Amino acid sequence: MTDDDSKKPQTRCMTHGYDPYLSEGAAFPPVFRSSTFLFKNAREGKRAFEIAYGLDERREGEIPALIYTRVNNPNVEMVEDRVTAWDGCEAAALFSSGMAAIASTCLAFLRPGDTLLFSNPVYGGSEALFRKMLPQFGIQTVEFPAECERDELERIARAQKNVRMIFMESPANPTILLTDLSAGRAVADALSMPDRPVLLAVDNTFMGPLFSRPKAFGADLVLYSATKFIGGHSDLVAGIAMGSAALVDQIKVIRTLLGAVADPQTAWLILRSLGTLEIRMRQQQQNARAIVEFLRVHPKIARVAYPGLEEMGVSQRARCERQCTGSGSLISFEIRGGEAEAFRVLDAVRAWKLAVSLGGIESLIEHPATMTHSDMTPEEQARAGITPAMIRLSVGLEDVEDLRADLERALAEI
Ligand SMILES: Cc1ncc(COP(=O)(O)O)c(C=O)c1O
């Protein structure tokens, strides 16, 4: 354990992995735009390639030389060293998008004949990858309800052949239902063989890394769209896969071959964002709680979904208490009516911005059925609990009174 390892996540996120005196004393790391890096000698170059291409394992404490920015880069590595602080994972791989992280993780571990189980619903891009693309490569994909209990998950899993990975999104986008991570671990263990472990991968974009830490509940891999809270300013697109060094090294081999790494400028923007991650997420959560209290009692709202709320039911509340240290700042709600009434609200708001994405400092509002999840058939949407009356909110950092008043005015238009 180094001195830095003993520091709190907030401190590690601001300092770890950077020696200012190697960069002219620059207090904040510069952007290393160089596409290629010099080796001190041929032996150092050979060793760097052995590790990067997975020909040999890294020795304890070994820091290989940098090679080429598609493989590794100082800004990218600084982000990777820092982001693991909250989740407690050993290693991370930074990607050019959340989808690049998710797709590369699938390609690293799934082979023709394997089965992937995934919680339903998931983000629309993951959904299309699982339902449409992976089956074209001979990978079977089978959904299970996000809200299901362990018995049901195990029954679904045991009915499949060659289960290799369980993918959970928690909370589910856009229904905000928490999946049971411990159940995912238990079922993965029950189906694992000594030479064929079943991996549990968790998309932690909505509540991580502050309020949900899937590794503590047995996740092998924790995945992020870093475009969201980690970036936090709606000015970059990036993704992260984290887990043990052994698993992340396998993912990095795929990343190198696909050329899916984040560029240095994006990595640098994330370094800027990491220092305010905790304070942003906590304040966004505080604002979200005030909005939830307003929506819950509004006569034009039929149902509000937010982690930990009484109306989410006993099982969801128990999961929230067990798995989460907060509730985050994503809310979905159903208004009384359908698409036409939902659209009237979306068109009437001013302080809320009508846009997909989430986790940035500005508050966003969207309509999952016709926007983020429009690729699903009406039957798939109905099965996943996505209705025409559903609206999703990502609460930002504006004054919460302005946000509340704007919603109140927009709801009055129905
Ligand atoms: C839960 C979740 N996972 C993954 C993604 C994909 O991330 P990206 O847009 O960075 O590729 C998103 C995007 O909205 C998301 O909401």
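The values are calculated or read from the model by the stated rules, or taken from the named source; none is laboratory data. Computed from a prediction, not measured in an experiment: that's the story for all the values here. Every residue, glycine among them, receives a Cβ derived from its backbone with ideal geometry; neighbour counts consider all protein chains shown.
In the set D235, D203, which member is within 14 Å of the ligand (Cβ to nearest atom), surrounded by fewer than 24 Cβ atoms within 10 Å (Cβ to Cβ) and of a type in the set (D, E, K, R)?
D235
Could you tell me whether V31 is closer than 29 Å to T11 by Cα and surrounded by 18 or more Cβ atoms within 10 Å (Cβ to Cβ)?
When the stated conditions are applied, V31 does not pass them.
Only residues in the range 271-288 that are closer than 15 Å to H16 by Cβ count as the first member; pair them with residues that are among the polar types (S, T, N, Q), Cβ under 7 angstrom, at least 6 apart or cross-chain, and list the lot.
L271/N75; E278/Q10
Tell me whether the range 291-300 contains one or more residues that are modelled with pLDDT of 95 or more and under 21 Å from the mean Cα position of the chain (by Cα).
Within the range 291-300 (the criterion being modelled with pLDDT of 95 or more and under 21 Å from the mean Cα position of the chain (by Cα)), the answer is no, since none of the residues qualifies.
Taking the range 100-117 as the search range and keeping residues that are within 12 Å of the ligand (Cβ to nearest atom) and in contact with a strand residue (DSSP E or B) (Cβ under 7 Å, 6 or more places away or on another chain), which one is farthest from R196 (Cα to Cα)?
A100
State whether the residues of the range 172-180 include one that is surrounded by fewer than 16 Cβ atoms within 10 Å (Cβ to Cβ) and in contact (Cβ under 8 Å) with a residue 12 or more places away in the chain.
So far as the range 172-180 goes, no, none of its residues is surrounded by fewer than 16 Cβ atoms within 10 Å (Cβ to Cβ) and in contact (Cβ under 8 Å) with a residue 12 or more places away in the chain.
Out of everything in the range 137-162 that is assigned to a helix (DSSP H, G or I) and within 23 Å of the chain's Cα centre (by Cα), what residue ends up being nearest to I386 (Cα to Cα)?
Ranking the candidates gives L153 first.
Kindly establish whether L354 is of a type in the set (A, V, I, L, M, F, W, C) and touching an Asp or Glu at 6+ places or on another chain (Cβ under 8 Å).
yes
Matching residues to (1) closer than 24 Å to R58 by Cβ; (2) surrounded by 21 or more Cβ atoms within 10 Å (Cβ to Cβ); (3) away from the ligand (no atom under 13 Å from the Cβ):
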site: D87; (1), (2), (3): yes, yes, yes
site: E127; (1), (2), (3): no, yes, no
site: M133; (1), (2), (3): no, no, yes
site: Q136; (1), (2), (3): no, no, yes
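Need the failing condition index for K228 against (1) within 16 Å of the ligand (Cβ to nearest atom); (2) closer than 17 Å to T84 by Cβ; (3) among the basic types (K, R), just the number.
(2)
Identify all residues within the range 285-315 that are in a helix (DSSP H, G or I) and of a type in the set (A, V, I, L, M, F, W, C); write none if there are none.
A288, A290, I291, V292, F294, L295, M312, V314
Examine the range 190-199 for a residue that is surrounded by fewer than 24 Cβ atoms within 10 Å (Cβ to Cβ) and within 30 Å of D263 (Cβ to Cβ), and state whether such a residue exists.
Within the range 190-199 (the criterion being surrounded by fewer than 24 Cβ atoms within 10 Å (Cβ to Cβ) and within 30 Å of D263 (Cβ to Cβ)), the answer is yes, since at least one residue qualifies.
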